[in-house]
Amino acid sequence: MNIGLAQINSTVGDLAGNTGLILAAYRDLVGQGAELVITPELALTGYPPQDLLFVSGFVERNRQQLAQLQEEVGSVPLIVGFVDRNQTGEGKPFFNAAAVLQKNKPMLIAHKRLLPTYDVFDEARYFEPGKEVSLFEVQGKKIGITICEDLWTPAYLPQALYRCDPLQELMASGAEMIVNLSASPFHIGKPGQREKMLREQAKRFHVSIVYCNAVGANDQLIFDGNSLVMEAGGNAVQRLSSCREENKVIDLSSTFNLNRREATFRDVELEELYDALVLGVRDYLYKCGFKKALLGLSGGIDSALVATLAVAALGADSVTGVLMPGPYSSQGSIDDARDLANNLGMTTLHLPITTSYEGMLRALQEPFAGYSADITEENLQSRLRGVTLMALSNKLGSMVLTTGNKSEMAVGYCTLYGDMCGGLAVIADVPKTIVYELSHWINRQREIIPRATLEKDPSAELRPNQKDQDSLPPYEILDAILRLAVEEHRSIAEIVALGFEEKTARWIVTQVYRSEYKRQQAAPGLKVTGRAFGVGRRFPIAQRYQES
């Protein structure tokens with residue numbers, strides 16, 4: 001059988017636009033010889049639709065678009081992810097659903113059975129779990145329908161969350177092939193983890209699995225595609241592209257064995273990370289109605305990486321770098337920022353803040369009398385840069401990209417209304433050590449990020465001879481402890497037991513708690529690790545818990 005995978009980039013809420021994407025992909029795939037076409041999870045509404053589901057008329061309009069698709073399809077079945085209304089009178093108001101559409105045949109509807117409600121997922125807020133297995137027949141072959149989480153049975157989750165195994169039940173009901181409509185978000189290592197799960201499930205039941213994943217970014221979540229077909233022996237028959245739309249027909253009788261690339265495993269992960277961040281920037285801006293971006297260029301590694309990603313996402317003509325040297329900025333940093341801009345071919349503006357800073361100090365001279373210079377003066381410089389960027393954003397219609405990394409955001413080494421100003425925090429989920437790794441990977445063929453930027457000690461340059469390590473532990477230690485505390489929820493005692501100094505571990509964990517108020521006022525950040533600040537992580541601001 002020839003299966004058509006429509007790996008499309010839906011926009012949340014764009015029901016008519018998404019319908020057009022689905023229909024265009026369907027016609028393309030049928031033209032290529034597809035005998036069955038599959039779309040991703042909730043392809044019609046985009047994932048996740050969140051509280052749009054409660055907006056009057058939204059779910060009905062999605063049903064109307066589904067009916068329109070039903071009128072347009074031919075004899076080749078099309079499986080579409082959509083939102084169905086729960087008309088039983090019990091439970092949550094909606095179902096996460098898939099419809100099998102075929103000319104002159106009644107619509108078959110399957111409901112998602114396992115509803116993730118952890119990390120970034122909140123499906124139990126909206127959906128009632130399905131109760132029945134769903135099978136349909138194509139060319140005499142019984143095909144079982146699953147939706148995303150339905151394949152992630154207990155062996156692949158950190159703990160047993162569900163009381164049923166949809167795949168096992170489908171096989172017991174006679175399924176000869178499984179299709180899965182998915183919206184599985186990206187994080188570093190997730191494509192490999194996902195493929196391992198599909199391989200083991202295919203081998204467990206000796207059944208072919210056809211997996212169609214969403215691609216594109218919606219707010220903080222990035223969907224990487226990587227749709228694939230896994231044959232019953234656990235070999236990947238075909239694999240679609242990472243981080244771009246693709247329509248592909250796959251012959252299930254083919255016997256290709258596509259093992260994952262083995263450049264080096266870390267190079268593969270860095271390439272996946274780079275592609276995901278580029279996709280995240282592009283989709284966030286375009287789906288929010290922006291075509292251009294601007295950011296502060298300090299000559300440091302973080303702004304260099306963000307600028308590189310922005311140019312890759314939007315094109316050099318659509319990105320402006322703003323140099324805003326202050327009284328403590330070094331000539332070397334200014335030169336590094338200009339070299340980066342030249343390497344990328346992007347426009348720059350040179351707008352020093354020293355005069356404005358001195359004016360603010362004069363204006364504050366009386367209330368500041370008798371006080372020594374401290375972090376106040378440092379933050380003032382950062383906030384003047386924020387004011388400058390936001391003024392340019394308003395006037396030029398460009399979105400400001402913030403440049404803070406996860407390590408800084410974690411411990412509050414950032415300034416509210418200063419370097420945190422902006423519409424998207426591009427690398428807010430990228431630890432500093434990975435910022436360096438990714439930057440070196442970007443430079444693997446030619447120098448894009450200046451060598452001086454990569455080699456010098458990181459500094460905010462807000463006071464004479466300032467270095468990040470004056471205030472922070474070495475980034476290798478900081479990031480290791482943050483991974484344990486934030487992503488693995490380890491206690492201070494557990495972290496110390498792993499060999500870290502108690503004083504350092506306690507300071508870092510305490511700063512993470514204390515900095516929550518900053519992060520909840522920050523621009524949304526693109527999620528690329530297993531546990532990001534923002535979506536999926538919910539901590540109170542006003543709280544007094546302290547680990548013993």
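Read-outs throughout are calculated quantities, based only on the coordinates presented, and are distinct from any laboratory measurement. Computed from a predicted model, the values in this text were never measured in an experiment. Cβ sites come from the backbone with ideal geometry, for glycine too, and all protein chains shown count toward neighbours.
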Normalised per residue, the volume inside the convex hull of the alpha-carbon atoms of segment 80-183 in Å³ amounts to 111
Stretch Lys92-Thr117 to full length: gain in nm at 0.36 nm per residue minus the Cα-Cα span? 7.6 nm
Given charges at Cβ of Lys, Arg, Asp, Glu: segment 416-548 dipole, positive-most of Val486, Asn443, Ala542: Ala542
Over segment 50-152, calculate the relative contact order: mean separation of alpha carbon pairs under 8 Å at least 6 apart, over the residue count, as a percent. 20
Give me the angle, in degrees from 0 to 90, between the Cα long axis of helix 354-363 and the longest principal axis of the Cα atoms of the chain, rounded to the nearest 10. 70
Neighbour-count ranking [beta-carbon atoms within 10 angstrom, fewest first] of Leu270, Leu252: Leu252, Leu270
At most 10 other Cβ atoms within 10 Å and a DSSP loop assignment: could you name the chymotrypsin sites (Phe, Trp or Tyr not before Pro) in segment 339-426 that fit? Tyr371
To the nearest 20 debye, what is the magnitude of the charge dipole of segment 352-426 about its Cα centre, counting +1 on the Cβ of each Lys and Arg and -1 on the Cβ of each Asp and Glu? 320
Run through the DSSP bridge list for segment 2-259 and note the antiparallel percent, rounded to the nearest 5. 65
Calculate how steeply helix 502-514 sits against the longest principal axis of the alpha-carbon atoms of the chain, using the helix alpha-carbon long axis, and give the answer as 0 to 90 degrees to the nearest 10. 70
Please list the radius of gyration and Dmax for segment 2-259, considering alpha-carbon atoms only, with Å as the unit. 16.6, 49
Taking N as its residue count, the alpha carbon Rg of the chain over 2.2 N^0.38 Å: 1.05
Select from Leu151, Leu66, Gly89 the residue farthest towards the positive end of the dipole of segment 2-259; place +1 on Cβ of Lys and Arg, -1 on Cβ of Asp and Glu, and compute about the Cα centre. Leu151
By the Cα gyration tensor axes a ≥ b ≥ c (a/c under 1.5 gives rounded; else a/b larger than b/c gives prolate, otherwise oblate), the shape of segment 288-519 is oblate
About the Cα centre of segment 288-519, how large is the charge dipole given +1 on each Lys and Arg Cβ and -1 on each Asp and Glu Cβ? Please answer in debye to the nearest 20. 620
Per-residue Cβ neighbour rank within 10 angstrom, fewest leading, Ser75, Ser459, Ser330: Ser75, Ser330, Ser459
If one compares the long axis through the Cα atoms of helix 190-205 with the longest principal axis of the Cα atoms of the chain, the angle in degrees, nearest 10, works out at 20
Loop only per DSSP, at most 11 neighbouring Cβ atoms within 10 Å: give me the trypsin sites (Lys or Arg not before Pro) in segment 403-497, ordered by residue number. Arg444, Arg446
Which length gain, in nm to one decimal place, applies between Val55 and Glu488 when the Cα-Cα distance is subtracted from 0.36 nm times their residue separation? 152.3 nm
With 10 angstrom as the radius, rank Cys421, Cys148 by how many other C-beta atoms surround their C-beta, starting from the fewest. Cys421, Cys148
With +1 on the Cβ of every Lys and Arg and -1 on the Cβ of every Asp and Glu, the dipole magnitude of segment 2-259 about its Cα centre, in debye rounded to the nearest 20, is 340
Nitroxide proxy distance, nm - points 7 Å out along Cα→Cβ at Thr504 and Ser241: 4.4
